[in-house]
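Please read the structure below before turning to the comments.
None of the figures in this text is laboratory data; all of them are computed from the coordinates on show. Bear in mind the structure is a predicted one, so any value in this text is a computation, not a measurement. As a convention, Cβ positions derive from the backbone with ideal geometry for all residues, glycine included, and neighbour counts pool all protein chains shown.
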């Protein structure tokens, strides 16, 4: 029938319109800011840097716990080029205890960021994720929207609050990698100890060959 699809669409629209007067689940608007719609887990707005530690950790502890190793992959892959990273000149242990370079500077220009999440997808260290915070307006259109590493740092607890399913998967994967790394380091230490013990053991003394004389007639 000609126009059947259009009629079905209009009927669905009319159903939702009428239902919005009697069912709160069908309401399409809320009285913001007094009322706020619940944020779903898949919401993404702007990036933040994950650090391992508590929400109320000191600034030094936050920066020390950052998972970022300043590999600059996100900076290179960012389409609008809103990420700026400067590598450190020294190293600090990462989550498996391996010395790693860390970002001496990590800036994101929120006014340029397009929330594409490419930085999250390319990060091999699970160090950058997407936040759900959207009320970031400011009177300073330049400095106020340029976030440094201190402003970007969010705890792993915060990550679990906004993206619990994804955060649990990430923690399980990191724990598995840490267990493998510790097992490998333990095996290497045991092998080195056995090698050292073998080298320190006294070598057996081989007696000199006794010269045999031919019997005389």
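For this structure, a couple of remarks:
- Counted residue by residue at 0.36 nm each, then reduced by the alpha carbon distance between them, the extension gain from residue 13 to residue 64 reaches 13.0 nm.
- Anisotropy class of segment 34-102 from Cα gyration tensor, a/c 1.5 cut: oblate
- On Cα atoms only, tilt of 164-200 relative to the major axis of the chain in degrees: 10
- Extension gain for the segment residue 22 to residue 134, taken as residue separation times 0.36 nm less the Cα-Cα distance, is 37.3 nm to one decimal.
- If you sort the three axes of the alpha carbon gyration tensor as a ≥ b ≥ c, you get a/c of 1.5 or more for the chain and a/b above b/c, which makes it prolate.
- Whether segment 47-171 is rounded, prolate or oblate, judged on the alpha carbon gyration tensor where a/c under 1.5 counts as rounded: rounded
- The modelled label-to-label distance for the pair residue 81/residue 157, using points 7 Å beyond Cα in the direction of Cβ, is 4.0 nm.
- Point-to-point label distance, residue 201-residue 30, nm (Cα→Cβ direction, 7 Å offset): 7.2
- Inter-label distance for residue 2 and residue 192, nm, one decimal - labels placed 7 Å from Cα along Cα-to-Cβ: 8.4
- Where a label projected 7 Å from the Cα of residue 148 along Cα→Cβ would reach, residues of segment 53-79 with amide N under 14 Å: 59-60, 63
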